[in-house]
Amino acid sequence: MNPVLLLGGLALAGALLPAQASGAESSPPAKKLYWFIPDGTRADPKVFDVFRFAREGRYPNIKKMMEQGSYGYTIPTYPSHTPTNFATLMTGAYPERHGVADGPMHIEGYPLEKPSLMGFRSSAKKLKPVWSLFEEAGKKVAVVSVPGSTPPELQEGITLRGRWGKWGSDFFAVNFESLTDAKQRYREGRGVRLFYLGEELTKFAPVAPAAGWTGAPRSYSPPLEMALEGYGAAVFAYLFDTTDDGKTNYSAVRLSLDKKTLLEDLRTPGAWTAWKPVPLKWGDIAIAGSLKACLIKLDPAGTAKFRVYYDLLNRTTVQPPELADAIHEAVGPMVDFVDNWPAQLDRVIEEKAVFFSEAMMSLDWHRRIVRYLYEKQRPDVLIHDVYTPNQMLESRWWLRYLDPDSPDYGSVGEDERARLWEEMHALYKGLDDILGEAMARAGSDSLIVFTSDHGVIPIKRLVLPNDLFAREGLLKFRMDAKTGEPIVDWANTQAIHLKMHGIYLRPDGLAGNWKRGSGPEYEALRRKVRSLLLGLEYEGEKVFRDVLPWEEAAKLREPADRVGDLLLVMRPGFHLTEEMSEDLALFRAPVGSGYKQALVADDIPGMWAPFVIMGPGVKKGFRIPAPIHNADQAPTLFRLMGLAVPDTMQGRVVAEIIAP
């Protein structure tokens, strides 16, 4: 039997269990909830055995939750990544019902050149989310950094920066690299753009002789300068040589906002400046912001690389907006998203330390926001995400050397692997510290939940379906001579792969507003493309687990009106990319370590996440015997809080954790 269909059937059977399964409760229901959902937090029985690490004392707050509550694993729904699974967690339903099939989505009646619906926007959901339901039940609700929460849907509560929701300013951190040749930008292609289609995340800045500086330090080689310009603010970098050795040996950098006032002198790669207030611009909106900068690398010849992180907290990213000033004063500038997507801190070894320091800053900020909210705002329900685990596990620097399923696992020795594990434990300990803040302040009448939307597994190879289609003459494109970004000839393209898991087809071309095809020519094209994909192998291993027509979207619990003509299901280790290359390579060695897209995760433990819960009505010291599904969490929390489980929820109440 087809494994995808079998797993889909098992998932369906689980979903059909009654959402309001009975469970006697002897204690009063919980009145409050802290639901912590750090994105991409892997937990599995073999490699990332979070529960064993907790029992050993590495994560004392998770250990306490295990002793005082119930714990086990939760399985993401296809396509197993962030927007779909946060929608599942926040509605208690599957994509077929809540409608979030992906991040970037394409629907009929719109051109395919860009997404017509974004899964990270609150408006993408077809169902009312739990934060609205809790508010309607009379709870004071705060939502922090949760995908799909903006534009805000709360009427009275607090919403703080729902990532990529196209609401408020999104000041993405930017890397600045010395422009040394005309092909630098070309070689990067779309890989320096947010989601491969948005703002530039790496910029190439010309290096010029320093001019107009006041009080600049002495340089034993002719001083150089770069302008690091982003969001209406410029940081000027003065590159100088401190060594009087008769050689060109640039060794330090002075940063300034005006070439007069010192921001900071940096000599060590990985060193950050302090935060500095600056005026920023988001489109036409002027914002009182701040930034901090980091020296990534400085070569003796005078080429340099920097990172500038822009404060994400301001009146455009908080509802109610006047709360932004109080949060800023109590918690400080917001460090939320580590690196970027796609990753930019993965080119040179010096970026590993920069990534790690940024990760620790992010975890510290999120720990402090929990303390502030409980001490000053006192929410009944706090739903909280931080993206740091996903970014660290997907990055170039860790997972490939920690998971034995990675092809690079044996390329480091055990001493180095032990050091990498200590850095990974620092990540999970940071999550544990955040939990500790909530446990100390939420109150004994609160449920405390630690979970995630999905895990992350190692990549063997990137797969380029669009290069396959180009080889077959089904896709026509050329490269932009300046940027190296592909320009698709939509009128003469019959098949294309678009994020994350869809193939779009039309025998007469894909130009104009997309509409599904039909008829004999369409069916012949669809059969051909499906056969090409199912036949694709890498070193004798099949790449695709299945390729389903849109009419069978229900087998993956996907909404048929928001998917492509074909849906792709990958085998573990093979990561889809919609990129195209001039040499039409079908496979590419990955730079990053991990991924999570287009997988049916039921039998892939590396994709599982923790589900740990303690509080009123929850069994103590209880190990949940079998993994639950993400859709099961919301109905279970509603039951434990004494609230009616909405009919829209498809998940089951996890009755086995409810105390008799």
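The values are calculated or read from the model by the stated rules, or taken from the named source; none is laboratory data. Because the structure is predicted, anything quoted here is derived from the model rather than measured. Note that we place each Cβ from the backbone using ideal geometry, even for glycine, and neighbour counts take in every protein chain shown.
For the range 436-476, a tally of residues being surrounded by fewer than 18 Cβ atoms within 10 Å (Cβ to Cβ) and either in the same structural domain as Y374 (by TED's automatic domain parsing) or not in a helix (DSSP H, G or I) (or both) returns 6.
So that you can scan it fast, the table gives a plain yes or no per residue for (1) at negative phi; (2) in a loop (DSSP other than H, G, I, E, B); (3) touching a strand residue (DSSP E or B) at 6+ places or on another chain (Cβ under 9 Å); (4) crowded, with 24+ Cβ neighbours inside 10 Å:
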site	(1), (2), (3), (4)
D602	yes, yes, yes, no
F611	yes, no, yes, yes
P616	yes, yes, yes, no
K620	yes, yes, yes, no
A631	yes, no, no, yes
T636	yes, no, yes, yes
D647	yes, yes, no, no
G651	yes, yes, yes, yes
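Please find, within the range 170-203, the residue that is farthest from the chain's Cα centre (by Cα) out of those that are of a type in the set (S, T, N, Q) and at pLDDT below 95. Taking the candidates together, the pick is T180.
Counting only residues that are touching a residue at least 60 places away in the same chain (Cβ under 8 Å) and acidic (D, E), the range 187-232 holds 1 of them. Give the residue that is nearest to M334 (Cα to Cα), with candidates limited to residues of the range 272-299 that are outside any strand (DSSP E or B), modelled with pLDDT of 95 or more and within 27 Å of the chain's Cα centre (by Cα). Going through the qualifying residues, I end up with W275. When the residues of the range 155-175 are narrowed to those that are of a type in the set (S, T, N, Q) and not in a loop (DSSP other than H, G, I, E, B), which ends up nearest to L298 (Cα to Cα)? Checked the range 155-175; the qualifying residue nearest to L298 (Cα to Cα) is N175.
Would you kindly identify the strands (runs of 3 or more DSSP E) lying entirely within the range 501-592 that contain at least 2 residues that are in contact (Cβ under 8 Å) with a residue 12 or more places away in the chain and closer than 29 Å to R187 by Cα? Walk me through how you get there before you give the answer.
Details: elements: 502-505, 544-549, 566-570, 574-576.
Per the criteria, 502-505, 566-570, 574-576.
Only residues that are more than 17 Å from L266 (Cβ to Cβ), part of a strand (DSSP E or B) and of a type in the set (G, A, S) were counted in the range 202-225, giving 1. Please determine, by comparing only the residues of the range 527-565 that are within 14 Å of Y504 (Cα to Cα) and of a type in the set (D, E, K, R), which one is surrounded by the fewest Cβ atoms within 10 Å (Cβ to Cβ). Checked the range 527-565; the qualifying residue surrounded by the fewest Cβ atoms within 10 Å (Cβ to Cβ) is E551.
For the residues L548, L510, the requirement of being touching a helix residue (DSSP H, G or I) at 6+ places or on another chain (Cβ under 6 Å), farther than 30 Å from P29 by Cβ and at pLDDT 95 or above singles out L510. Among the conditions (1) surrounded by fewer than 17 Cβ atoms within 10 Å (Cβ to Cβ); (2) assigned by TED's automatic domain parsing to the domain that holds R441; (3) modelled with pLDDT of 95 or more, Y71 misses just one, which is (1).
Summed over the range 323-378, the residues that are outside any helix (DSSP H, G or I) and either within 26 Å of Q184 (Cβ to Cβ) or at pLDDT 95 or above (or both) give a count of 18. Contact map, the range 263-284: first residue within 22 Å of T317 (Cα to Cα), second residue of a type in the set (F, W, Y) and in a loop (DSSP other than H, G, I, E, B), Cβ cut-off under 7 Å, separation 6 or more or different chains; pairs are L280/F171; L280/Y231; K281/Y231; W282/Y231.
Of everything in the range 176-197 that's in a strand (DSSP E or B) and touching a Ser or Thr at 6+ places or on another chain (Cβ under 7 Å), which residue is farthest from M580 (Cα to Cα)? Outline the logic, then answer.
At the first step, the residues of the range 176-197 found to be in a strand (DSSP E or B) are 176-179, 193.
Now narrow it down to the ones that are touching a Ser or Thr at 6+ places or on another chain (Cβ under 7 Å): 177-178.
Details: E177: 24, S178: 26 Å.
Within the range 176-197, the match that is farthest from M580 (Cα to Cα) is S178.
From the list P147, P129, P151, the lone residue that is at pLDDT 95 or above and touching a Lys or Arg at 6+ places or on another chain (Cβ under 6 Å) is P147.
The number of residues in the range 316-350 being in contact with a strand residue (DSSP E or B) (Cβ under 6 Å, 6 or more places away or on another chain) and crowded, with 18+ Cβ neighbours inside 10 Å comes to 5. Selection of the range 240-271 for residues being within 32 Å of the chain's Cα centre (by Cα), part of a strand (DSSP E or B) and either surrounded by fewer than 18 Cβ atoms within 10 Å (Cβ to Cβ) or at pLDDT below 95 (or both) yields only E264.
Within the range 288-303, the residues that satisfy the criterion of being surrounded by fewer than 21 Cβ atoms within 10 Å (Cβ to Cβ), of a type outside the set (S, T, N, Q) and in contact with a strand residue (DSSP E or B) (Cβ under 8 Å, 6 or more places away or on another chain) are A288, K297, G302. Please count how many residues of the range 80-109 are under 16 Å from W550 (Cβ atoms) and assigned to a loop (DSSP other than H, G, I, E, B). Counting residues in the range 80-109 that are under 16 Å from W550 (Cβ atoms) and assigned to a loop (DSSP other than H, G, I, E, B) gives 7. I'd like to know if the range 265-283 contains one or more residues that are under 18 Å from H366 (Cβ atoms), of a type in the set (S, T, Y) and either touching a Ser or Thr at 6+ places or on another chain (Cβ under 6 Å) or not assigned by TED's automatic domain parsing to the domain that holds T388 (or both). Scanning the range 265-283 turns up no residue that is under 18 Å from H366 (Cβ atoms), of a type in the set (S, T, Y) and either touching a Ser or Thr at 6+ places or on another chain (Cβ under 6 Å) or not assigned by TED's automatic domain parsing to the domain that holds T388 (or both).
If the condition is being hydrophobic (A, V, I, L, M, F, W, C) and touching a strand residue (DSSP E or B) at 6+ places or on another chain (Cβ under 6 Å), then the range 458-478 contributes I459, L462, V463, F469, L474, L475, F477. Select from the range 425-435 the residues that are surrounded by fewer than 20 Cβ atoms within 10 Å (Cβ to Cβ) and among the aliphatic types (A, V, I, L, M) and list them in ascending order. A426, the sole residue that qualifies.
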